[in-house]
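The values are calculated or read from the model by the stated rules, or taken from the named source; none is laboratory data. Remember, it's a predicted structure, so these values are computed and weren't measured experimentally. Here the Cβ is made from the backbone with ideal geometry for all residues, glycine too, and neighbour counts use every protein chain on show.
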Amino acid sequence: MPASNYRVFDGHNDTLLNLHLAERGGGRSFFIESEKGHIDLPRARRGGLAGGFFAIFVPPVDEYSSSAPPDDPNAPSVAPPVPALDPAYAKDFTNDLITLLGNIEEQADGQVRLVRNIQELGRCLARDVLAMILHFEGAEAIHPDLSVLEHFYDRGLRSLGLVWSRPNAYGHGVPFAFPASPDSGPGLTDAGFEIVQECNHLGILVDLAHLNERGFWDVAAVTDAPVVVTHGAAHRLSPCSRNLTDQQLDAIGESGGVVGLNFHVGFLRPDGLRDPDTPLRVMIDHIDYMVDRIGIDHVALGSDFDGATMSQYLGDVAGLPKLIGELQQAGYDDVALRKLTLENWLRVLGDTWR
C-alpha cells in the first residue's frame, strides 16, 4: 500500500497550546494551512492523521515559551529545574484550553470530534472525522482530594499524564538532562497512588511520559490497566533522562501496553543535540530497537508535534508519509505498519477506557 494511504493515530501533540498562545503559534487558525507550527486541519488531512491525543500543557505563568526545548542545537544538555505550578492557575488555564478544543469541534462542520469512548472513536475512523482525545500533560489542575477529576472526565478527559518534567502533588517529573538516568528522585506520593486507582476506575488512560523511574515502577505495581508512555524513546540509543530503560520497555510490553515514539530529535540522536538536520533513519533505529525488544504490538507513534524540534526531513504532520515510506524501506510490511500507525493505540484504548 502506498505510504500516503496509511492513517496515523498519534500519541501526543501540543497543538492546543500552540494555537492558544500567540507567542507560540502567531495567532494561527486550526482550519487554515500555516507555515507556523506542526498541525492544522489541512496539513493533518494531507499527512493522513486520523486522530490523536491533544494535550493540555500548562506552562509557567511568567515564562510561556520555556516549556518547549530550544531549537538551538548547541543549547545546554542539562536544563535548569522547573518549579511546581500554582494549582489554581493550572485549573484556570486548563479550562481555557478545554474551551478552545470545544470551539474547534463546534466550528469544524463535522470534520473534528472530541471522542469519549471507543465506539465514538470507531465512528470517526469510519467517517474520516479527525478524532481528538483530551489529554492532560501534568495533573496540576486536579486537586489532590480528586474532587474535580470527575468534572474533567465529564468535560472529556480520557488520558492523564501524572506529571510534566517538574514536581507536583502526585509525583516527580524527570528533569531534562543528557546524558542522564531517568532515576532522578522519589516515587509517587500517596495522592499519586490514589489518582492512578481512580483513573483505573473511571477508565482514564494513565500516561507515564515525563515521570521519573521510581514513579514509573510505582504506577506499574498498582495499575490494573496497560502501562503506557504516549511519547518516549529508547534510553539505550539516546541516554536522555526522558527516555525509557530496557527494563521499563519490558514492563510496558509485559503489561500489554504501548510506547509512542517521540519525534523530538534531542531525544533520538545518540549525541542528544537538538539539531533539525537529523535523518529519519534515527527514528527508524528507535522503532527497530523497541520492536525487537518488546514486539510490534507494543510500539506506536507519539510525535510531540507543536511541542518539540522535528527533523527537517519530516517537517510537520504533512510529512508523516515520508516516515512511513522509510519504514517500508526498512522492511516493515503492511500488517506491521497498520499496528505501528493505528491499531496498537486502538487496542490499548479499548483495553483501558470503560
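Some observations on this one:
- Of the residues making up the stretch 139-173, those that are touching a helix residue (DSSP H, G or I) at 6+ places or on another chain (Cβ under 8 Å), part of a loop (DSSP other than H, G, I, E, B) and either closer than 21 Å to GLU106 by Cβ or without any contact (Cβ under 8 Å) to a residue 60 or more places away in the chain (or both) are ALA139, ILE142, HIS143, PRO144, LEU146, VAL148, ARG155, GLY156, LEU162, VAL163, TYR170, GLY171.
- The residues on offer are GLY192, GLY187, and the sole one that is in contact with a Gly (Cβ under 7 Å, 6 or more places away or on another chain) and assigned to a helix (DSSP H, G or I) is GLY192.
- Inspection of the stretch 242-249 identifies no residue that is of a type in the set (Asp, Glu) and farther than 21 Å from ASP218 by Cα.
- For the stretch 144-199, taking the residues that are among the β-branched types (Val, Ile, Thr) and farther than 15 Å from ARG214 by Cα, the one that is surrounded by the most Cβ atoms within 10 Å (Cβ to Cβ) is identified as ILE195.
- Test result for GLY266, more than 20 Å from GLY192 (Cα to Cα) and buried (at least 22 other Cβ atoms within 10 Å of the Cβ): yes
- Listed by first and then second residue, the pairs with beta-carbon distance under 6 Å, at least 6 apart or on different chains, first residue in the stretch 1-14 and under 30 Å from VAL58 (Cβ atoms), second of a type in the set (Ser, Thr, Tyr), are VAL8/THR341; ASP10/SER303; GLY11/THR230; HIS12/THR230.
- Here PHE136 qualifies as buried (at least 17 other Cβ atoms within 10 Å of the Cβ), part of a strand (DSSP E or B) and either modelled with pLDDT of 95 or more or over 20 Å from the mean Cα position of the chain (by Cα) (or both).
- Verdict on GLU198 being more than 20 Å from the chain's Cα centre (by Cα) and either at pLDDT 95 or above or among the aromatic types (Phe, Trp, Tyr) (or both): yes
- Unmet criterion (only one of (1) in contact with a Lys or Arg (Cβ under 9 Å, 6 or more places away or on another chain); (2) farther than 21 Å from ASP14 by Cα; (3) of a type in the set (S, T, N, Q)) for THR309: (2)
- Remark: GLY307 matches the filter, which requires a residue to be touching a Pro at 6+ places or on another chain (Cβ under 9 Å), within 30 Å of HIS151 (Cα to Cα), at pLDDT 95 or above and surrounded by 17 or more Cβ atoms within 10 Å (Cβ to Cβ).
- Any chance ASP297 is buried (at least 22 other Cβ atoms within 10 Å of the Cβ), modelled with pLDDT of 95 or more and either touching a strand residue (DSSP E or B) at 6+ places or on another chain (Cβ under 8 Å) or of a type outside the set (Val, Ile, Thr) (or both): no
- So ASP288, is it more than 20 Å from LEU208 (Cβ to Cβ) and of a type in the set (Asp, Glu): yes
- Only one of ALA126, ALA131, ALA88 that is among the small types (Gly, Ala, Ser) and either crowded, with 19+ Cβ neighbours inside 10 Å or in a strand (DSSP E or B) (or both): ALA131
- Here no helices (runs of 4 or more DSSP H) wholly within the stretch 249-342 include at least 3 residues being without any contact (Cβ under 8 Å) to a residue 12 or more places away in the chain and not hydrophobic (A, V, I, L, M, F, W, C).
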